[in-house]
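Visitor: The structure that follows is given in the form of structure tokens.
No value in this document is a laboratory result; all are computed from the given coordinates. Predicted model only: the values in this text are computed from it and were never measured. We place every Cβ from the backbone using ideal geometry, glycine too, and count neighbours over all the protein chains shown.
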Amino acid sequence: MNNSAKKSNDILKNPYLPAISVSVVLLIVGQILTKGFLSQNNISSIMMTTAILTLASMAQAAVVISGDMGLDMSVGAIMSLTALFGPMIIFKSNAITMIVAVVSVVLMGAFVGLLNGIGVQYLKIVPLVMTLIMSSVVNGFALFITKGQPSVSVSKTLQGVGAVVFGPLRVLTLIVIILLFVLEIFMLRRSKYGRSLFLAGNNRNAADLCGINSRKVILIAYVFSGLISGLAGLMLVGYAGSAQMQMANQYTMLSVAAVVIGGTNLAGGKGSLIGGALGSLVLILITNILQALNMPAGLRSLIQGIILVGILMINSRSPKLRQ
Amino acid sequence: MGIIISDISKRYGAVVAISRASMSVEKGEIRAILGGNGSGKSTLAKIIGGIISKDSGKIAFNDREINFTSPKNAKKNRVIITSQELSLFTNLTVEENICICDIPVKTGTFINKNGISEKAGKVLEIMNLTDLLGKKVSELHPNQQYMVELAKAIVQNPKLLIIDEITSALYRQDVEIVDKILKNLKSQGCIILFISHRMEELYNICDSVTIMRNGETIGTYPMQEKSEDELLSLMVGTSMVSYHGEGKSHIKPTTKDIFIHVPKIPIQSYHTTESLNICKGEIIGVAGLQGHGQSELVKALYGLSGIIYMEIEGKKCAISNPRSAVKHRFAFISGDRERDGVFNERDLKDNVVSVLELVRKQKVSSPKELLDSYNIRYDNTRQIITELSGGNQQKVVVGRWLSTDPKLLLADDPTKGIDIKARTDLHQEFAKLAEQGSAVIIVSSDDDELVSITSMVERSRVIVMYEGHISKILEGDDITRANILAASMPVAKPNKIKERDKVHA
């Protein structure tokens, strides 16, 4: 094989290719269907919502990569929880408010993640079941404490995540982009932990024989997932400006979809956070286009569902097509 | 009559798996297909069996051109393939698995349980395996699973039976049965294509042999006309020294300094314990019949059967899991590379440096150098490991461990299903390790392998296991296949095997 053919072959094998090409097509389709789709305002809001879903997909990706049929169905519930409780933390100083809020939502999420991890790794409960139960526990907890009537006012400080940095770029978008690359490169790709996670997720037996403590590695993936979900909830409420019960529950399924579109293998051992971000972009673009078309909510979610099935179908078949 | 294969080619992208392979096999002939890993044997077998499609060429079976589009299609024509990748349902019983391709039914709809037992029972009786009836496949030893796989093929009354590597996991007495069954099928006019790396079996079972190399069929010869060395050089393309001659003669060790003393090694399935002294620079071969505790012995030493106490160079220590074993510079290589060795989604670098960088916390400056030093054939370090042939994959796993400079290498049938060239390479690596003063304990289902590898170093022993105990320790010139076999079966000694063994010895 000559070099250029090899190169083009490598590009075709790029796991991000489907998500990138679909995004470009969607941007063009959006602009054709509705005027002002590519306006600075709309781009800015697409980037914001993508950023929040990206956080959720990062949480999901870690667990999916960890293998053993790993799925975190509590991502949305944790987000809803911290969206509800995060804004309650208010101090006089803006900086302290922000720091304490972030630390406490992260701890809240990490604790739920730890329970998930213990359930999956020590009590040997199937991840899907364990995290679904946990999602219901977390939702119940929120309902119990707030008695179903959250009276949360989101402080101006927290709403600052929506402030414009320059052009269409806002604070949250910037934070997520930085976080994404830092975690992707320094945690997932370079750190001993990230590399052990891939090995444990790919072949737990072999990883254990290598002396890798797979149980600990996988447990940490669940803690990481909870931690990032906790952060995502706070960001969501800062952007939305008001909190509602279970406001983020849809993020569970969306995060799974985003991760799969981004080329992460549901069987574990393979994937990336950046892929999840691209998958998030695709999903948000679809939603955005359907919204721009003034479609009724029911029809919108129906069409969204059908498109999702289509994308996942192509995605799960693509390795075979390549062969 | 028979099968005529002409000019079959198959490419995967840029990789040529088979190029213009041709051969013809007569009715009632048992044909061996011999070649290194990656020479296209399995691909050819899969094409004939309808598992994968060919790019070009023709197959004529009983004077009729065939082009199977699926294994189901092939089965209708009674062309059956059994492969090294087992096609069993581990959650079903042995008899259900055997009949799965054609389940007996009552009144056209309902499963006939008695019919299943009867049908499977007949085959199992021929195979001397009636004690497997009613067991779940997941309960069986790997070699028994292979036998069930074979039974499943035979129950379908094949006219053309392809056996791909099935015997590489079998122990000698199983192979006897396979031999008997195949001869029986042969007398009924069945064509058998037999793929195996074990020369002795090929000579016993097959009538003729087709050699494959780099996807081409090099030639077909009557089995008895070619010596092992000749076959080997045909396979490799250059003449090479035979595998049996790789070692020196056995020397009985005079002095011994005990390196590791293990007072109690639990063999769980027999509820027995054994003790073992391991010397520096020693290769210990572990022999025995199927499932007599050989694997459990090495696994227990690696901390896989709970905490184990031992004295290493006089110091007492406890090994509770693989992690602590790795800390004591132990290494474990399993023959089941799919399950225990390879990270199939990861690249060569991740695979080869996994222990060194992630567990022993040493930076590997050049994974490429590491891979090169173990004679691995690869394109670049970022290749996914499954792009390599089985033998090369196993070499990567071996490289992973040898690069950690282990003091004790535990190997559980490490050369299962890899070609002779790769196997010889691995033996040399093991011998080199022992020469540097480390100890090697190797389990093998192939006695020849043990005789050969123990002859490569000065200090060596073969311990033979029977029912969870070490029944015999062979040293020096006592390490022969005949002695190993005799010690493996202290109770029943079938005369036939002994006689045949003497002839070979």
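Visitor: Averaged across the residues of A:209-219, what count of C-beta atoms belonging to other chains lies within 10 Å of each residue's C-beta?
Guide: Shielding by partners across A:209-219 averages 6.
Visitor: So for the range B:3-238, considering every pair of alpha-carbon atoms, how many percent are separated by more than 22 Å?
Guide: On the way: 14513 of 27730 pairs.
The share of Cα pairs beyond 22 Å in the range B:3-238 comes to 52 percent.
Visitor: Measure out, as a whole number of angstrom, how far apart the alpha-carbon centroids of the range A:91-151 and the range B:453-475 sit.
Guide: If we compute the Cα centre of each part, the gap is 58 Å.
Visitor: Using the alpha carbons of the range B:312-425, what is the convex hull volume per residue in cubic angstrom, as a whole number? Intermediate values should be presented prior to the final figure.
Guide: Details: hull volume 12.5 nm³, N = 114.
Hull volume over Cα atoms, normalised by residue count, gives 110 Å³.
Visitor: A further question on this structure: So what J values fall out for the range A:56-66 if you push phi through Karplus, 6.51 cos²θ - 1.76 cosθ + 1.60 with θ = phi - 60°, rounded to Hz, Gly and Pro as x?
Guide: Listing the rounded values in order: 4, 6, 5, 4, 5, 4, 4, 6, 5, 4, 5 Hz.
Visitor: So, by mean Cβ neighbours within 10 angstrom, what's the order for A:139-147, B:387-395 with the highest one leading? Don't jump to the answer; show the numbers that get you there.
Guide: Values: A:139-147: 13.8, B:387-395: 22.1.
The most tightly packed comes first, giving B:387-395, A:139-147.
Visitor: Per the helix-only calculation at 222 nm, which mean residue ellipticity applies to chain B, given -39500 (n - 2.57) for every DSSP H run of n ≥ 4 and division by its residues, nearest 500 deg cm²/dmol?
Guide: The per-residue figure over chain B is -9500 deg cm²/dmol.
Visitor: Check which residues have an amide H placed less than 5 Å from residue A:264's amide H, if you skip close sequence neighbours.
Guide: It is A:272, by chain and number.
Visitor: Okay, next question. In Å, what Rg and Dmax follow from the Cα atoms of the range B:118-194?
Guide: When restricted to the Cα atoms of the range B:118-194, Rg and Dmax are 11.9, 35 Å.
Visitor: Quick one, can you get me the convex hull of the C-alpha atoms of the range B:70-186 expressed as volume per residue in Å³?
Guide: Convex hull volume per residue, Cα atoms: 106 Å³.
Visitor: Give a residue-ordered list of calculated ³J(HN,Hα) values for the range B:463-470 (Karplus: 6.51 cos²θ - 1.76 cosθ + 1.60, θ = phi - 60°; whole Hz; x for Gly, Pro).
Guide: Working through the residues one at a time gives 9, 10, 10, 9, 6, x, 10, 7 Hz.
Visitor: A further question on this structure: Once you average over the residues of B:337-348, how many Cβ atoms of partner chains fall within 10 Å of each Cβ? Provide the component values of the computation, followed by the final result.
Guide: Details: counts 2, 3, 4, 6, 5, 3, 11, 5, 13, 8, 0, 0.
Mean number of neighbouring Cβ atoms from other chains: 5.
Visitor: Over all alpha-carbon pairs in chain B, figure out the percentage whose distance exceeds 28 Å.
Guide: Numbers: 71295 of 127260 pairs.
Of all Cα-Cα distances in chain B, 56 percent exceed 28 Å.
Visitor: Taking every pair of alpha-carbon atoms in the range B:271-324, give the share separated by more than 17 Å as a whole percent.
Guide: Numbers: 617 of 1431 pairs.
The proportion of pairs with Cα distances above 17 Å equals 43 percent.
Visitor: Choose one of A:143, A:181, A:166: the residue whose Cα lies farthest towards the positive end of the charge dipole of the range A:137-220 (beta-carbon charges +1 Lys, Arg; -1 Asp, Glu; about the Cα centre).
Guide: Value computed over the given set: A:181.
Visitor: Around residue B:213, which amide H atoms from residues at least 5 apart in sequence, or from another chain, sit under 5 Å from its own amide H, with H modelled in the peptide plane?
Guide: The list, which skips near neighbours in sequence, is B:218.
Visitor: Then there is this: What percent of all Cα-Cα pairs in the range A:122-231 falls in each 10 Å bin, counting up from 0?
Guide: Percent of pairs per bin, in order: 11, 27, 29, 24, 9, 0.
Visitor: I've got another one for you. Could you calculate the FRET efficiency of residue B:87 with residue A:175 from 1/(1 + (r/R0)^6), where r is the beta carbon distance between them and R0 is 56 Å, rounded to 0.05? Walk me through the numbers before you get to the answer.
Guide: Working: r = 52 Å, r/R0 = 0.92.
Approximately 0.60, to the nearest 0.05.
Visitor: A further question on this structure: Looking at chain A from every direction and averaging, what is the projected area of its Cα convex hull in nm²? Provide the component values of the computation, followed by the final result.
Guide: Details: hull surface 74.3 nm².
Projected over every direction and averaged, the Cα hull of chain A covers 18.6 nm².
Visitor: Under a 5 Å amide H to amide H cut-off, with H placed in plane at 1.01 Å, what residues pair with residue B:441 once short-range neighbours are removed?
Guide: B:284, B:409, B:410, B:411
Visitor: Whole-Hz Karplus ³J(HN,Hα) for the range A:125-137, in order, using 6.51 cos²θ - 1.76 cosθ + 1.60 and θ = phi - 60°, x for Gly and Pro?
Guide: Values per residue, Gly and Pro as x: 8, 4, x, 4, 5, 4, 6, 5, 4, 4, 4, 5, 5 Hz.
Visitor: If you don't mind, another one. What average count of beta carbons from other chains do you get within 10 Å of the Cβ of residues in A:195-203? Spell out each step's value before the answer.
Guide: Numbers: counts 6, 4, 0, 5, 7, 2, 3, 7, 11.
Per-residue shielding by partner chains comes out at 5.
Visitor: Expressed in whole Å with the largest first, what are the equivalent ellipsoid semi-axes of the range A:51-93 derived from the C-alpha gyration tensor as the square root of 5 times each eigenvalue?
Guide: 27, 11, 8
Visitor: Per the Kirkwood formula on distinct C-alpha pairs, the Rh of the range B:379-487 is how many angstrom? Write down the numbers at each step before the final one.
Guide: On the way: mean 1/r = 0.0665 Å⁻¹.
Taking every pair of different Cα atoms in the range B:379-487, averaging 1/r and inverting gives 15.0 Å.
Visitor: Here's a follow-up. What is the log10 of I(q)/I(0) for the range A:20-81, computed with the Debye formula using one identical point scatterer on each Cα and no solvent, at q = 0.17, 0.23, 0.26 Å⁻¹?
Guide: -0.75, -0.93, -1.03
Visitor: Let me ask something else. Can you find, among A:88, A:66, A:28, the residue sitting farthest towards the positive end of the charge dipole of the range A:1-135, where Lys and Arg contribute +1 and Asp and Glu -1 at Cβ?
Guide: A:28
Visitor: What are the semi-axes of the equivalent ellipsoid of the range A:223-295, taken as the square roots of 5 times the eigenvalues of the Cα gyration tensor, listed largest first and rounded to whole Å?
Guide: On the way: eigenvalues 101, 71, 18 Å².
Its equivalent ellipsoid spans semi-axes of 22, 19, 10 Å.
Visitor: Which value results when the Cα radius of gyration for the range A:167-269 is divided by 2.2 N^0.38 Å? Write out the running numbers ahead of the final one.
Guide: On the way: Rg = 16.2 Å, N = 103, 2.2 N^0.38 = 12.8 Å.
Ratio of Cα Rg to 2.2 N^0.38 Å: 1.26.
Visitor: Dipole magnitude of chain B about its Cα centre, charges +1 at Lys/Arg Cβ and -1 at Asp/Glu Cβ only, in debye to the nearest 20? Please list the in-between numbers first.
Guide: On the way: 66 positive and 64 negative charges, 181 e Å.
With only Lys, Arg, Asp and Glu charged at Cβ, the dipole is about 860 debye.
Visitor: Among A:152-165, A:268-281, A:69-82, B:74-87, how do they line up from the highest to the lowest mean number of other beta-carbon atoms within 10 Å? Show your work: numbers first, answer last.
Guide: Details: A:152-165: 15.8, A:268-281: 26.3, A:69-82: 28.9, B:74-87: 18.3.
The peptides rank, most packed first, as A:69-82, A:268-281, B:74-87, A:152-165.
Visitor: Would you mind telling me the antiparallel percentage of the DSSP bridges in chain B, rounded to 5?
Guide: Working: 45 of 84 bridges.
Counting DSSP beta bridges with both partners in chain B, the antiparallel share is about 55 percent.
Visitor: Taking the Cα centre of the protein assembly as shown as origin, work out the dipole magnitude from +1 charges on Lys and Arg Cβ and -1 charges on Asp and Glu Cβ, in debye rounded to 20.
Guide: Roughly 2320 debye, rounded to the nearest 20.
Visitor: Turning to a different aspect of this structure: For the peptides B:272-278, A:53-59, A:294-300, A:104-110, what is the packing order when you average, over each peptide's residues, the other Cβ atoms within 10 Å and list the highest mean first?
Guide: Details: B:272-278: 16.7, A:53-59: 32.3, A:294-300: 10.9, A:104-110: 21.9.
Packing order, densest peptide first, comes out as A:53-59, A:104-110, B:272-278, A:294-300.
Visitor: If you don't mind, there's one more thing I want to ask. Determine one quarter of the surface area of the Cα convex hull of the protein assembly as shown, which equals its mean projected area, and express it in nm² to one decimal.
Guide: 41.3
Visitor: Quick one: dipole size for the range B:248-361, taken about the Cα centre, charges +1 on Lys/Arg Cβ and -1 on Asp/Glu Cβ, in debye to the nearest 20. Before the final figure, lay out the partial values.
Guide: Working: 17 positive and 13 negative charges, 82 e Å.
With Lys and Arg at +1 and Asp and Glu at -1, about 400 debye.
Visitor: So if each residue of separation counts as 0.36 nm, and I subtract the Cα-Cα distance between residue B:214 and residue B:64, what length gain in nm does that give? Write out the running numbers ahead of the final one.
Guide: Values: separation 150, 0.36 × 150 = 54.00 nm, distance 2.85 nm.
Gain on stretching residue B:214 to residue B:64: 51.2 nm.
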